[in-house]
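Okay, so here's the structure we're looking at.
What follows draws every value from the coordinates through simple rules; no lab data is involved. The model shown is predicted, which means the values in this text are computed figures rather than measured ones. A quick note on method: Cβ atoms are made from the backbone with ideal geometry, for glycine too, and the neighbour counts reach across all protein chains shown.
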Amino acid sequence: MIRKIGLTIALLGLMGCNSQINEAMISDEPVPASQIRAASTAAKVCARHAPNWGQVEFALKSQGYSETDDDSLAAAAKRTKSVFLEDVNSDVVVQLGSSGSEAACLIGVPGLTPTQSYQLALPWVDQFDLLTNEERGQGLSAKAVQAWGRLDEERIVYVAAYKAWDVFEVPGAAVRLIYISR
């Protein structure tokens, strides 16, 4: 359970990608395949229903996710108008919501390495036919392993694979999907 390992909120780091990276929070020990499978399943749900985060929440809850009862996450959810769901069997945490005009799905796993976060993001990259930030003529945040995006007539999609996620008090990483319908 996530509460057992402890969580803290750095609200500026939840949705943004411009702040500095805390090197101590980068995991170098890969998580087991079972956690990757659980995170991949959550990522598929986010992609299938994006940008309908209410439907994502419903689908994840039907698969056993529940709103976290961690006090700091509950307070952050209220402030950021988002919801934090966790799968107590895998410790996968999903944040759904908005920050400003961005609606996003973040999937984090305590212990997830930057390489694993990159791999977790690739199905989104393929599904939405995204280009790297470099290919799009943009830079890369110090927090990101890689970032991708695409703007077309129907939607704007951004994906980032992070080296670490500021929510965990232990090393771990996350991926983020932002999907905006036009």
Would you list, by chain and number, the aspartates and glutamates whose Cα falls below 14 Å from the Cα of residue 163, excluding same-chain residues fewer than 8 positions away?
23, 28, 29
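For the peptides 36-48, 158-170, 131-143, 53-65, what is the packing order when you average, over each peptide's residues, the other Cβ atoms within 10 Å and list the highest mean first?
Highest to lowest by the protection proxy: 158-170, 36-48, 53-65, 131-143.
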Using θ = phi - 60° and the Karplus form 6.51 cos²θ - 1.76 cosθ + 1.60, what ³J(HN,Hα) does each residue of the range 36-48 get, whole Hz, x for Gly and Pro?
4, 4, 5, 5, 5, 4, 4, 5, 5, 5, 4, 5, 5
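What are the semi-axes of the equivalent ellipsoid of the range 111-175, taken as the square roots of 5 times the eigenvalues of the Cα gyration tensor, listed largest first and rounded to whole Å?
Gyration-tensor ellipsoid for the range 111-175: 23, 12, 10 Å.
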Which value in nm describes the separation of the simple spin-label points at residue 48 and residue 182, placed 7 Å from the Cα toward the beta carbon?
2.8 nm
Under 5 Å, built H, 5+ apart or other chain: amide partners of residue 27:
172
Given +1 on the Cβ of Lys and Arg, -1 on the Cβ of Asp and Glu, and no further charges, what dipole in debye does the range 95-182 carry about its Cα centre, rounded to the nearest 20?
160 debye
How many nm is it between the label spots at residue 55 and residue 132, if each spot is 7 Å from the Cα in line with the beta carbon?
3.3 nm
In nm, spacing of pseudo-spin labels at residue 156 and residue 67 (7 Å Cα→C-beta vector):
2.9 nm
